[in-house]
1. From the gyration tensor of the Cα coordinates in region 21-131, what semi-axes in whole Å does the equivalent ellipsoid have, largest first, with each one equal to sqrt(5λ)?
2. What would the Debye formula give as log10 I(q)/I(0) at q = 0.09, 0.10, 0.17, 0.18 Å⁻¹ for the alpha-carbon point model of region 127-243, no solvent?
3. Calculate the dipole size of region 257-299 relative to its Cα centre from +1 charges on Lys and Arg beta carbons and -1 charges on Asp and Glu beta carbons; express the result in debye to the nearest 20.
4. Using the charge dipole of region 230-283 (Lys, Arg: +1 at Cβ; Asp, Glu: -1 at Cβ; taken about the Cα centre), state which of THR275, THR253, THR235 has its Cα farthest towards the positive end.
5. May I ask you to list the aspartates and glutamates whose Cα is less than 20 Å away from that of LYS291, ignoring any residue fewer than eight positions away on the same chain?
6. Calculate, in nm to one decimal, what LYS188 and ASN3 gain on full extension: separation in residues at 0.36 nm each, minus their alpha carbon distance.
7. Under 23 Å Cα-Cα from LYS153, which lysines qualify once same-chain neighbours fewer than 8 residues away are excluded?
8. When the chain is modelled as a GNM with alpha-carbon springs shorter than 10 Å, which of ALA117, ALA168, ALA13 fluctuates the most?
Amino acid sequence: MSNELYDVTIIGAGPVGLFAAFYSGLRSMKTKIIDAEPAVGGKVRYFFPEKIIRDIGGIPAISGANLVANLKEQAETFHPEIVCNERVVNVVKLTNGTFQLTSQNGSIHFSKTIVIATGSGTFEVNRLEALHAENFPEAIYYDVKNMEQFRDKVVAVSGGGNSAIDWAQTLEPIAREVHLIYRGEDFKAHEESVKALKKSRVQIHIHHEISELTGFNNQLSATTLYCKQTKTTKTISTDALIVNHGVKVDLGTMAEWGFELADFGIVVDDEMKTTVPGIFACGDSASYSRKIRIIAAGLHEGPIAINSAKKYLEPAAADEAMISTHHESFIN
């Protein structure tokens, strides 16, 4: 237990939390970041270290791993305290207005304000449900950390969202064959990505889902697909299978901290204020009208939350930091 008091504690060390920590340094706020994962980076670190991210202004293309590394370096500009492997399970506002945060291992933290940037909470991938799937654990992937392992192989990707389509297209020049299997018809992805997919050599199987895996000695060799429309099956050769069936998200005990919740997030106003004074939310943690769930939007919301926390502590403070490009000398 540490009695050290911080101006702001950011719960969540994904891209949004890391950038919020940098911005809080610009506002001269003593900052702590707490994350349940063993390292910073959130879902990008876990699921997409080799995925190319293209929807952040000014960065035409960057891998997830490099994005996280850059954000971590930027966040450390003002030397925040970073605590990993601790999931905050309880928050209590003490009589003096200080927040007491307790983690699952009993550690206690104290902060004047809190910014929640946990995304949609902790996550667990939705596992493939197919006959004999348990026999091929080495061939089924829920995240990809090394694309070279798929070189010259036949890879099947299951899913119909942005992640599935991105992986299918990314693997096209590497794998011998790529199959995209989707139980629906209208892909739930960016329109331009869908157009590019349909022009690629990826073999698309709409209205199909995986019903059975077969192989020998735990080596996957084929995937059986079931067509929901025709009620028929077909089999494709398969060396590896990438599953993108989404994740189960869990806000955990945050749902009990007194917030108003909606659309898998915490309701905030245009200043990122939650219904609990002194606690703010940003990124996928926050819910409001016309919400856009992309990293770039969260990088905008983080500074708003920090500015609101600063005004909560110092009502006479400036509404926002000076533009950072005007401060060439702020790095110590």
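1. Values: eigenvalues 159, 94, 23 Å².
Taking √(5λ) for each Cα gyration eigenvalue gives 28, 22, 11 Å.
2. -0.21, -0.26, -0.78, -0.88
3. On the way: 4 positive and 6 negative charges, 25 e Å.
Its charge dipole is roughly 120 debye.
4. Sorting the options by dipole projection puts first THR235.
5. Those aspartates and glutamates meeting the cut-off are ASP55, GLU191, ASP250, GLU260, ASP263, ASP269, ASP270, GLU271, GLU301.
6. On the way: separation 185, 0.36 × 185 = 66.60 nm, distance 4.75 nm.
The span from LYS188 to ASN3 would gain 61.9 nm if fully extended.
7. LYS51, LYS145, LYS198, LYS199, LYS234
8. Of the options given, ALA168 has the highest mean-square fluctuation.
Rule-based calculations on the coordinates, nothing more; no lab input. The structure displayed is predicted, hence computed values, not measured ones. Ideal geometry is used to build each Cβ from the backbone, glycine not excepted, and the neighbour counts take in all protein chains shown.
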